[in-house]
Amino acid sequence: MQATLFRNRITALFGIRHPILLGGMHQLGRSGVVAAVVNAGAMGFITPRSFDDLAVYRADLRRCRELTGGKPFGVNLTISRRAGFNRDAPAWIAIALEEGVRHFESAGTSPEEIVGPIHAGGGVLMHKCPSVRHALTAERLGVDAVALVGMEEGGHPGANQLPTFVNGAVAVQRLRVPVVVGGGIGSGRQIAAAMALGAEGVVMGSRFMVASEVEMHVAVKQRIVELDEHGSIAILGTLNDTWRVMANGTAREVQKLEAAGARRHEDFGDLILSTRTRERVYRDGRVDEGIVSLGPAGGFADAIEPAGTIVARLVDEARAAMDTLGQRWVAGDGDRLAA
């Protein structure tokens, strides 16, 4: 077991050894990878939207509890702006609480409607925000922590155009609750930098797409291994619904439709549907035939390997980065660095 890297409010809040959080992975956030991350000393969140019905979701929560030996794990609640997409949200919370889950991550619209039920059930909530303005609102609503994501985030970073480390630097000056940063983070050096910035943790997703426990065709993982930091592009910005995704054939087709004037989700047909990605890409391995959420942090993925190995590498890299900085800093002279 690796020694604890940091002790702070985030590690205490989530009951973890390392301030690394695997954020909700749509269609992929299941017990296998979440449990592997948790068993390595970090935190992971199962995504209810990854399951066809509530019974399967409940069964996966139970499987995760078995795989972790009772260690705490979390549930992601992505609240959509689109009508009808949130009808199961109250059930997601109720089932999670019934199954002993007490750690939640939310994203999307305001957490106002979910803070109360989670706290009433003895849970804690971290809300993911694209801007400090939204984070301050979430803090007023009573969330226990916030995650600030920059424009580099794989998935939906919002309309904010600030990068992760600008967002985070402003947030730690203005918020009282613990702040986690995310977006483009795929190395331990960046974790060390986030801690130096004043954040108390990092939220990651793209770096773990290649974990062997992720239930996704190996061809997709291999494509991510082959990509560098330029392997993602942003789509749907013209709809005020920016989505950072793998640069593949379907994503480029969506860009062409946007350039031609498409301005409604319906204008893209099935190109942007999650069912298409699940069946053609994740199940069948036809990598260019669906939209895959991915940020530039995927460029740090250099091998298909267990999630626990990824966590261990991140912790070792972060510790080495901090040790190197400590060796360079001149004792007693905070104004200069050693040559």
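The values are calculated or read from the model by the stated rules, or taken from the named source; none is laboratory data. Model, not experiment: these values are computed from the prediction. Here the Cβ positions follow ideal geometry from the backbone for every residue, glycine too, while neighbour counts run over all protein chains shown.
Right, Leu271: assigned to a helix (DSSP H, G or I), among the aliphatic types (A, V, I, L, M) and on the phi < 0 side of the Ramachandran plot or not?
Working: assigned to a helix (DSSP H, G or I): no; among the aliphatic types (A, V, I, L, M): yes; on the phi < 0 side of the Ramachandran plot: yes.
It is false that Leu271 is assigned to a helix (DSSP H, G or I), among the aliphatic types (A, V, I, L, M) and on the phi < 0 side of the Ramachandran plot.
Of all residues in the range 1-58 being among the charged types (D, E, K, R) and in a loop (DSSP other than H, G, I, E, B), which is nearest to Gly74 (Cα to Cα)? Working first, answer last.
Keep residues of the range 1-58 that are among the charged types (D, E, K, R), which gives 7, 9, 17, 30, 49, 52-53, 58.
Pick out the ones that are also in a loop (DSSP other than H, G, I, E, B) and you get 7, 17, 30, 52-53.
Working: Arg7: 19, Arg17: 15, Arg30: 11, Asp52: 19, Asp53: 18 Å.
Top of the filtered list is Arg30.
So, in the range 117-139, of the ones that are aliphatic (A, V, I, L, M) and in a helix (DSSP H, G or I), which residue ends up surrounded by the fewest Cβ atoms within 10 Å (Cβ to Cβ)?
Only one residue tops the list, namely Ala120.
Taking Leu67, is it more than 30 Å from Thr238 (Cβ to Cβ) and in a strand (DSSP E or B)? Even if it seems obvious, please write down each step before you answer.
Working: more than 30 Å from Thr238 (Cβ to Cβ): yes; in a strand (DSSP E or B): no.
No; evaluated as a whole, the condition is false for this residue.
Could you list all residues from the range 184-198 that are touching a residue at least 40 places away in the same chain (Cβ under 8 Å) and under 17 Å from the mean Cα position of the chain (by Cα)?
Gly184, Ile185, Gly186, Ser187, Gly188, Ile191
Considering each of Asp241, Asp228 in turn, give the residue that is over 21 Å from Gly23 (Cα atoms) and surrounded by fewer than 24 Cβ atoms within 10 Å (Cβ to Cβ).
Working: Asp241 fails: over 21 Å from Gly23 (Cα atoms).
One residue alone meets the criteria, Asp228.
Any idea which of (1) at pLDDT 95 or above; (2) closer than 24 Å to His127 by Cβ is the one Ser274 doesn't satisfy?
Ser274 satisfies every listed condition except (1).
Could you list all residues from the range 221-232 that are part of a helix (DSSP H, G or I) and in contact with a helix residue (DSSP H, G or I) (Cβ under 6 Å, 6 or more places away or on another chain)? If you could, list the steps in order and put the result at the bottom.
Initially, the range 221-232 is screened for residues part of a helix (DSSP H, G or I), giving 221-226.
Across the range 221-232, the qualifying residue is only Ile224.
Would you confirm whether any residue within the range 314-331 is modelled with pLDDT under 95 and assigned to a loop (DSSP other than H, G, I, E, B)?
Yes, that holds for at least one residue.
For the range 170-183, what are the residues that are in contact with a strand residue (DSSP E or B) (Cβ under 9 Å, 6 or more places away or on another chain), without any contact (Cβ under 8 Å) to a residue 60 or more places away in the chain and not in a loop (DSSP other than H, G, I, E, B)?
Hits for the range 170-183 are Val170, Ala171, Val172, Val179, Val181.
Take the residues in the range 169-183 that are more than 16 Å from Ala138 (Cβ to Cβ) and over 14 Å from the mean Cα position of the chain (by Cα); name whichever of them is surrounded by the most Cβ atoms within 10 Å (Cβ to Cβ).
First pass over the range 169-183, keeping only residues more than 16 Å from Ala138 (Cβ to Cβ): 169, 173, 183.
Narrowing the set further to residues that are over 14 Å from the mean Cα position of the chain (by Cα) leaves 169, 173.
Details: Ala169: 16, Gln173: 10.
If we take residues in the range 169-183 being more than 16 Å from Ala138 (Cβ to Cβ) and over 14 Å from the mean Cα position of the chain (by Cα), then Ala169 is surrounded by the most Cβ atoms within 10 Å (Cβ to Cβ).
What is the residue count in the range 76-118 for residues that are of a type outside the set (Phe, Trp, Tyr) and under 19 Å from Pro178 (Cβ atoms)? Walk me through it before giving the result.
Filtering the range 76-118 for residues of a type outside the set (Phe, Trp, Tyr) gives 76-84, 86-91, 93-103, 105-118.
Keeping just the survivors that are under 19 Å from Pro178 (Cβ atoms) gives 76-77, 102-103, 105-107, 111, 114-115, 118.
Total satisfying the criteria: 11.
Could you give every pair whose Cβ atoms fall below 6 Å, whose first residue belongs to the range 99-116 and is part of a loop (DSSP other than H, G, I, E, B), and whose second residue is surrounded by fewer than 15 Cβ atoms within 10 Å (Cβ to Cβ), counting only separations of at least 6 or pairs across chains?
Arg102/Gly122; Thr109/Arg81
I'm checking my understanding of the structure. Among residues of the range 205-220 that are of a type in the set (A, V, I, L, M) and in contact with a helix residue (DSSP H, G or I) (Cβ under 7 Å, 6 or more places away or on another chain), which one is nearest to Ala247 (Cα to Cα)? Talk me through it step by step, then tell me what you get.
Of the range 205-220, the ones of a type in the set (A, V, I, L, M) are 209-211, 214, 216, 218-220.
Then keep just the ones that are in contact with a helix residue (DSSP H, G or I) (Cβ under 7 Å, 6 or more places away or on another chain); that gives 209-211, 214, 216, 220.
Values: Met209: 15, Val210: 16, Ala211: 20, Val214: 20, Met216: 18, Val220: 12 Å.
Within the range 205-220, the match that is nearest to Ala247 (Cα to Cα) is Val220.
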